[in-house]
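Q: So that we are looking at the same thing, I have put the structure below in structure tokens.
The values are calculated or read from the model by the stated rules, or taken from the named source; none is laboratory data. All of these numbers come straight from a predicted model, not from anything done at the bench. Reconstructed Cβ throughout: ideal geometry from the backbone, glycine too, with neighbour counts over all protein chains shown.
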Amino acid sequence: MDKNPTMLIDCSTIAAYIKLASFKITNEAVIKKLYTLKNVDERSFSVQTIQDAAGTVVNMDFFAVTIKQLPNLKGTPATPEQFLNYFRTHINDFSGGTKFNPYDNLRNINDTELWNSSDPTGAMVHIFIPGPAGLWDNGTVITAESQPDHWIFSTVKSPMDGEHPVSGNRRFGIYKQQNGTYLIYVKGVDRITDRLTNLLQKTTGLPLNSADALWEGFQKKVNEFINTNGGSSEIMPPLKARPNWDLVKKVLNGQESIETLKKNGGCE
């Protein structure tokens, strides 16, 4: 079962966000796949790391639902791993206007079967991201790591979507707490990818505010599903922090301690 992911953005748990920020793809099959894809279209395929983005702040967030009793799936009480797998393979039922679909737009590349399998490691997902006034800013992610109790999306520049609007990693998982309840959660660390969007974020709050709305919608829909399918749950208040990138970078590079980040607005 997943280690405690709650990592409320406070001074005792900020280290876990630094760990997710510094996450790198190590799975050999995923590395090989990305290398092969880059050879197919060298101009367009690359992992978007948080280090190479343009955002002046780092988005750190945690959106969760506390599960007191797991729901039924097909009339049978689900295990935590079964429910997380159901959430992943039915993610569009929980995501509102944003849609997650397996990548299928590059010669013979079609990740539908892989994404819907029991181990989606390496599956790329196209994300349709609606915006204001009918605009959208789509993105691609790759399933960089997958275990029965969690998976991690890393952002990818792709021929289909160009650059993802943010660069970084997002973890989805389920965790059993000491009191016997569970948390199903979404946790991300990322930065705005390009300078123009970073300026938009400074002046309007977009796109990060829109992303917050997406994950708050996830909380609502997951909570509704659990409580209408024989389970019991409640929404946790969202947790968000946006410390300055220059300071976080120094922590990632070992030039400053996490204690310095704690003292300068990285947590409360």
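Q: Among residues belonging to the stretch 151-180 that are at positive phi and surrounded by fewer than 22 Cβ atoms within 10 Å (Cβ to Cβ), point out the one that is nearest to the chain's Cα centre (by Cα).
A: Ranking the candidates gives G162 first.
Q: Tell me, which strands (runs of 3 or more DSSP E) wholly within the stretch 178-268 include 3 or more residues that are within 19 Å of A53 (Cα to Cα)?
A: In the stretch 178-268, 182-192 are the strands (runs of 3 or more DSSP E) which contain 3 or more residues that are within 19 Å of A53 (Cα to Cα).
Q: Still on this model: Which of the numbered conditions does A144 fail, given that it passes all the others? Conditions: (1) among the hydrophobic types (A, V, I, L, M, F, W, C); (2) touching a residue at least 40 places away in the same chain (Cβ under 8 Å); (3) surrounded by fewer than 21 Cβ atoms within 10 Å (Cβ to Cβ).
A: (3)
Q: Among the listed residues T140, T89, which satisfies the condition of being under 19 Å from the mean Cα position of the chain (by Cα) and farther than 23 Å from N227 by Cα?
A: T140
Q: Now for a separate question. With respect to the numbered conditions (1) β-branched (V, I, T); (2) surrounded by fewer than 21 Cβ atoms within 10 Å (Cβ to Cβ); (3) modelled with pLDDT of 95 or more, which one is the sole condition not fulfilled by T203?
A: Going through the list (1) β-branched (V, I, T); (2) surrounded by fewer than 21 Cβ atoms within 10 Å (Cβ to Cβ); (3) modelled with pLDDT of 95 or more, T203 breaks only (3).
Q: Related question: What is the residue count in the stretch 84-109 for residues that are assigned to a strand (DSSP E or B) and in contact with a Phe, Trp or Tyr (Cβ under 6 Å, 6 or more places away or on another chain)?
A: Qualifying residue count for the region: 2.
Q: Oh, and also: Enumerate the pairs (first residue in the stretch 48-68 and within 13 Å of S154 (Cα to Cα); second residue anywhere and at pLDDT below 95 and part of a loop (DSSP other than H, G, I, E, B)) with beta-carbon separation below 6 Å, excluding pairs fewer than 6 apart on the same chain, so at least 6 apart or on different chains.
A: Note: pairs meeting the criteria are Q48/H164.
Q: Taking I152 as the residue in question, decide whether it is within 21 Å of Q219 (Cβ to Cβ), among the aliphatic types (A, V, I, L, M), assigned to a strand (DSSP E or B) and in contact (Cβ under 8 Å) with a residue 60 or more places away in the chain.
A: Yes.
Q: State whether the residues of the stretch 159-168 include one that is under 24 Å from I18 (Cβ atoms), among the β-branched types (V, I, T) and either in a strand (DSSP E or B) or modelled with pLDDT of 95 or more (or both).
A: yes
Q: Within the stretch 89-106, can one find any residue that is closer than 19 Å to V47 by Cα, of a type in the set (A, V, I, L, M) and crowded, with 19+ Cβ neighbours inside 10 Å?
A: No, the stretch 89-106 has no match at all.
Q: Let me ask another. Among the residues of the stretch 212-243 satisfying the criterion of being over 20 Å from the mean Cα position of the chain (by Cα) and polar (S, T, N, Q), which is surrounded by the most Cβ atoms within 10 Å (Cβ to Cβ)?
A: Ranking the qualifying residues of the stretch 212-243, first place goes to S233.
Q: Let me confirm something: among L261, L247, L196, which residue is of a type in the set (A, V, I, L, M, F, W, C), exposed (fewer than 15 other Cβ atoms within 10 Å of the Cβ) and over 30 Å from P71 (Cβ atoms)?
A: L196
Q: Condition test on D190, is it within 20 Å of W151 (Cα to Cα) and modelled with pLDDT under 95?
A: The answer is no for D190.
Q: Next up: How about the stretch 110-119: which of its residues are of a type in the set (S, T, Y) and either surrounded by 13 or more Cβ atoms within 10 Å (Cβ to Cβ) or not in a loop (DSSP other than H, G, I, E, B) (or both)?
A: Residues satisfying the conditions are T112, S117.
Q: Related question: When the residues of the stretch 50-67 are filtered to those that are of a type in the set (A, V, I, L, M, F, W, C) and in a loop (DSSP other than H, G, I, E, B), which remaining residue is farthest from F225 (Cα to Cα)?
A: Among residues in the stretch 50-67 that are of a type in the set (A, V, I, L, M, F, W, C) and in a loop (DSSP other than H, G, I, E, B), the one farthest from F225 (Cα to Cα) is A54.
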